[in-house]
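The values are calculated or read from the model by the stated rules, or taken from the named source; none is laboratory data. Values in this document were obtained by computation on a predicted structure and should not be read as measured data. All Cβ positions, even for glycine, are placed from backbone atoms using ideal geometry, and neighbour counts span all protein chains on display.
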Amino acid sequence: MDSACDRLARAAREALALVLPETCVGCGKPDSAVCPDCSARMTGGVLRQEIEPGFPVWAGTAYTGTARRVILALKNEHRTDAAAALALVLTTAVDAALLELPGAGPRAGALLTLAALPSTRSAYRRRGYRPVDVVVARTPLRLEHPLAWRRQPADQIGLTLDERKRNLDGSLLARRWARERSFLLVDDVVTTGATLLESRRALTAGGARVVGAVAIAATERRVRRVADEFGFVE
Ligand SMILES: [Zn+2]
């Protein structure tokens with residue numbers, strides 16, 4: 001449950017958003033949440049990585065510069081008005097995934113459901129919304145929440161990959177209705193992939209199938225650009 005203090009802070013932010021002129025979260029220019037230049041800077045460079053062999057992740061852009069600023073504004077500054085621009089970035093990652101996944105084709109999107117990773121209780125209390133949900137809501141994609149926490153993990157910041165894996169191991173549980181369903185996991189930013197691995201473990205243990213993951217952005221470690229793969233460079 002939100003405290004009165006959380007609710008008050010959120011109401012104050014929402015009231016301010018009504019009176020302050022809108023500025024681009026990427027560059028500060030007036031009149032739009034994300035200006036066309038910043039929006040263009042975030043698209044056109046889908047990244048693909050395998051966090052484990054056979055577990056592909058497609059991200060719409062690299063987690064640097066403009067994309068990083070826009071995502072942080074959505075996550076930490078209550079700029080949910082940036083969601084439409086990020087939805088375009090996420091959609092490019094989903095399109096790249098659909099080209100490669102088995103059974104891909106124009107209708108593949110209709111057969112596949114995006115699965116959200118659960119927010120920790122403290123993150124949800126702090127924000128009052130789930131950033132990925134807000135972004136996916138601006139796309140035609142279907143989003144479901146087939147995972148729940150069995151136990152809340154400690155804060156991941158500053159942990160190594162092995163420490164993150166230990167912190168998360170066994171922390172998630174698949175909901176019973178997820179059995180025999182296929183999911184493409186969706187996250188905002190992929191860094192180590194530890195949360196995606198735990199999500200896949202929990203869903204697989206619950207009898208579901210995970211075909212891969214998509215994200216708005218990924219850190220550029222261990223990734224290659226899909227554009228390079230096909231011989232054209234943005
Ligand atoms: Zn801008």
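Annotations
For (1) buried (at least 21 other Cβ atoms within 10 Å of the Cβ); (2) touching a strand residue (DSSP E or B) at 6+ places or on another chain (Cβ under 7 Å); (3) over 13 Å from Glu52 (Cα atoms), each residue gets a yes or a no:
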| position | (1), (2), (3) |
| --- | --- |
| Leu184 | yes, yes, yes |
| Val190 | yes, yes, yes |
| Leu196 | yes, yes, no |
| Thr204 | no, yes, yes |
| Val214 | yes, yes, yes |
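- Applying the set (1) touching a residue at least 60 places away in the same chain (Cβ under 8 Å); (2) touching a helix residue (DSSP H, G or I) at 6+ places or on another chain (Cβ under 8 Å) to Leu161 leaves exactly one unmet item: (1).
- Number of residues in region 19-62 that are buried (at least 19 other Cβ atoms within 10 Å of the Cβ), in contact (Cβ under 8 Å) with a residue 24 or more places away in the chain and part of a loop (DSSP other than H, G, I, E, B) equals 6.
- Scope region 26-53; condition touching a strand residue (DSSP E or B) at 6+ places or on another chain (Cβ under 9 Å) and away from the ligand (no atom under 14 Å from the Cβ); matching residues: Gly44, Gly45, Val46, Leu47, Arg48, Gln49, Glu50, Ile51
- Any helices (runs of 4 or more DSSP H) falling wholly within region 71-156 and containing at least 3 residues that are at pLDDT 90 or above, at negative phi and surrounded by 20 or more Cβ atoms within 10 Å (Cβ to Cβ): 83-100, 131-136
- Count - residues of region 193-213 that are more than 14 Å from Glu144 (Cα to Cα), touching a residue at least 60 places away in the same chain (Cβ under 8 Å) and not small (Gly, Ala, Ser): 5
- Each residue in region 13-43 was checked for being farther than 12 Å from Arg79 by Cβ and at pLDDT 70 or above, and 14 of them qualify.
- Boolean, Glu180 is out of contact with any Leu (no Cβ under 8 Å at 6 or more places or on another chain), not polar (S, T, N, Q) and not in a strand (DSSP E or B): yes
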